[in-house]
1. Quickly run through region 202-253 and pick out the residues that are in contact with an Asp or Glu (Cβ under 7 Å, 6 or more places away or on another chain) and of a type in the set (Lys, Arg).
2. Can you name the number of the only condition in (1) over 23 Å from the mean Cα position of the chain (by Cα); (2) under 24 Å from His29 (Cβ atoms) that Ile321 fails?
3. Can you tell me which of (1) outside any helix (DSSP H, G or I); (2) touching a residue at least 24 places away in the same chain (Cβ under 8 Å); (3) surrounded by fewer than 19 Cβ atoms within 10 Å (Cβ to Cβ) is the one Asn262 doesn't meet?
4. Which residue out of Thr84, Thr112 is among the β-branched types (Val, Ile, Thr) and buried (at least 19 other Cβ atoms within 10 Å of the Cβ)?
5. Looking at region 212-230, is at least one residue surrounded by 16 or more Cβ atoms within 10 Å (Cβ to Cβ) and under 27 Å from Leu270 (Cα atoms)?
6. Does Met202 satisfy being in the same structural domain as Leu154 (by TED's automatic domain parsing), closer than 15 Å to Glu106 by Cβ and surrounded by fewer than 24 Cβ atoms within 10 Å (Cβ to Cβ)?
7. Under 6 Å by Cβ, and 6 or more places apart or on different chains, what pairs join a residue from region 202-231 that is under 30 Å from Arg146 (Cα atoms) with one that is surrounded by fewer than 16 Cβ atoms within 10 Å (Cβ to Cβ)?
8. Quick test for you: out of Ala198, Ala277, pick the one residue that is over 19 Å from the mean Cα position of the chain (by Cα) and at pLDDT 95 or above.
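The values are calculated or read from the model by the stated rules, or taken from the named source; none is laboratory data. Note that the structure is predicted; figures quoted are calculated from it, not measured. A quick note on method: Cβ atoms are made from the backbone with ideal geometry, for glycine too, and the neighbour counts reach across all protein chains shown.
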Amino acid sequence: MSTKSTKPNSTNEVRVGLIGVGGICAGVHYPGLERIPGVEIAGLCDPNETLLQQRQREWEIDNIYTDSEAFLAEVQPDAVVIATPNVMHRPLILQALAAGCHVLCEKPLGMTYAETVELVEAARASGRVHMTAFTYRFVPGMNYIRHLLRSGELGEIRHARFQRLQDWGPAAIGWRQYKAMAGSGELGDMGIHRIDFAQDLMGPIVAVCAATKQWEERTQTRDGQTVPRQDVEDWVAWIAEFKSGATGVFEMGKLTKGYGPNGDHDLAELNGTKASAVYRLHTPHEILFGERQQPYHTRPVPAEFLTRPGSPRDPQEGDPIRTFRYDQAWEFISAIREGRDAVPSFYDGMRAQAVADAILQSAAERRWVDVPGV
């Protein structure tokens with residue numbers, strides 16, 4: 001076990017290793033980390049040697065590895081970010097914790113609720129900072145709605161709806177379409193994000209009633225190659241009962257056109273006893289707000305909620321639909337430097353997985369299912 005110091009230091013250098021350097025790493029983790037003063041990207045690890053060499057050229061990073069054990073032993077990073085196919089999350093997390101690393105891992109944290117329980121216990125025993133990559137917690141509109149809810153401006157929440165609708169078409173989508181690699185389909189890809197931020201806003205979900213559908217076989221890639229057929233759902237919906245007594249209605253789909261400017265949408269609407277508020281991803285710097293018996297009107301997100309406190313990100317720079325995600329890296333590094341828990345932690349990943357497993361059970365058995373208390 002590593003003997004690296006865990007004493008808080010708000011300015012110390014943090015050496016971070018990136019495990020899995022595909023699209024999520026390139027679009028979210030690397031650009032978020034590289035703009036934080038005092039953060040060094042110490043090395044890259046991925047089984048795809050061609051991709052590794054491409055990232056080495058793009059990012060000018062010397063240390064590249066295809067083997068994670070050698071990477072951890074030789075580079076000895078302070079922290080790692082894991083952005084691999086879901087089936088690899090558990091073994092890589094356990095390797096990294098054993099090497100003394102702080103860990104930020106993509107969602108879903110594990111393939112099953114039982115796996116996530118093991119990972120939470122291991123992370124807590126290690127004393128390392130642990131974080132689940134629930135990026136949508138960092139949308140400015142979500143930051144503001146969280147404030148309105150907790151300040152009492154919405155009143156008691158009675159009902160909420162959550163939708164993530166996209167039209168990906170029928171082509172194959174790689175490892176995400178196979179249960180053995182992903183655990184589930186649309187639920188583990190987009191649904192689990194909404195489970196997380198719904199519980200962050202409204203408290204624990206205690207029961208669900210769900211349905212799933214697999215509409216496409218996805219046996220052809222975009223360039224015409226034949227691959228094994230998809231065996232996970234590409235649409236999922238569920239009703240949720242929260243511990244508070246509130247009800248939530250959720251729907252996610254990869255073949256479902258939405259109302260955003262690009263033919264998709266991501267929406268969360270909370271209806272309270274005093275007022276209602278709506279977050280929409282395509283307008284991340286504003287929300288819709290309406291008091292009872294009044295129409296919605298646009299309300300800009302105040303400046304203090306456009307970024308997380310201290311973040312080096314300029315909220316006016318780049319595409320705001322993408323750049324809010326960089327604040328996730330800031331939270332991870334800040335938690336390491338300050339010697340505190342990161343939010344959202346592995347516990348939040350476990351709590352979301354408990355709901356996800358109940359959703360799959362409910363859909364399979366066509367009945368209401370209680371969520372385990374976590």
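1. Across region 202-253, the qualifying residues are Lys213, Arg229.
2. (1)
3. Only one criterion in (1) outside any helix (DSSP H, G or I); (2) touching a residue at least 24 places away in the same chain (Cβ under 8 Å); (3) surrounded by fewer than 19 Cβ atoms within 10 Å (Cβ to Cβ) is unmet by Asn262, namely (2).
4. Matching residue, one of Thr84, Thr112: Thr84.
5. yes
6. no
7. From residues that are under 30 Å from Arg146 (Cα atoms), the pairs are Gly203/Lys243; Gly203/Ser244; Pro204/Lys243; Val206/Lys243; Ala207/Trp368; Ala207/Asp370; Cys209/Ile239; Cys209/Trp368.
8. Ala277
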